[in-house]
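Structure first, commentary second.
Read the figures in this text as sums done on the coordinates, not as results from a lab. None of the values given here were measured: they were computed from a predicted structure. Cβ placement follows ideal geometry from the backbone for every residue including glycine, while neighbour counts extend to all protein chains displayed.
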Amino acid sequence: MLRTELRANWRICLENIVDAFHPVTAHASVTTAAAAAWGQPPEGTPVPLALRQLLPFGSGNSFYEQMGARRLPHGHGVRGTQHSIHSGYAALGDYRNALAAAHGAERADQGLGFVPRNVVCYPSMASKGAPQVMRVLRPLAADRTVVDSGENTCRL
């Protein structure tokens, strides 16, 4: 678990987890550095998982607008109802085939294509689909929040 104390109101922290505005600017330095480090490898070189996780953050505002979101009652919500920056990591081969055999190709592809980026259980919990992360927000004062994060990165 990673515990972080922030000098911010808990609502700002929660909104930052699900907004579609900050990734293009706030994560620009990491996507630029990752692209520069990757360079121009020979065609057909497999892209490492770390790069497949980092590079989509630089996809631009329209990418994030098209991700889709669903607002639910009482402040709950989901970002990434149409796709996610983590939707296209790798083909799943036998796993996809087993799902298709059990549920049909269309339903298998629909299930595998839905990778919610962030789910908010208002007011104090947010989870991310892939890589798997759960965050619990605890307000300490009007301008102080503790965020506890646990991670279990999925490797496809």
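For the chain, what is the charge dipole size about the Cα centre, in debye to the nearest 20, if Lys and Arg each add +1 at the Cβ and Asp and Glu each add -1 at the Cβ? Walk me through the intermediate numbers first.
Details: 15 positive and 11 negative charges, 81 e Å.
Once rounded to the nearest 20, the dipole reads 400 debye.
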Amide H within-cut-off set for ALA69, under 5 Å, with H built and near neighbours excluded = GLY80, THR81
key: Under 5 Å, built H, 5+ apart or other chain: amide partners of TYR122   = HIS76, GLY77
query = Per 5 Å bin, what is the whole-percent P(r) computed from every C-alpha pair distance within the stretch 22-66?
reply = 5, 22, 28, 22, 13, 8, 1
ask   = According to the Cα gyration tensor, what semi-axes, each the square root of 5 times an eigenvalue, does the equivalent ellipsoid of the chain have, listed from largest to smallest in whole Å?
value = 29, 22, 14
task = Could I have the simple spin-label model distance between TYR95 and ASP19, label points 7 Å from Cα toward Cβ, reported in nm to one decimal?
result = 3.3
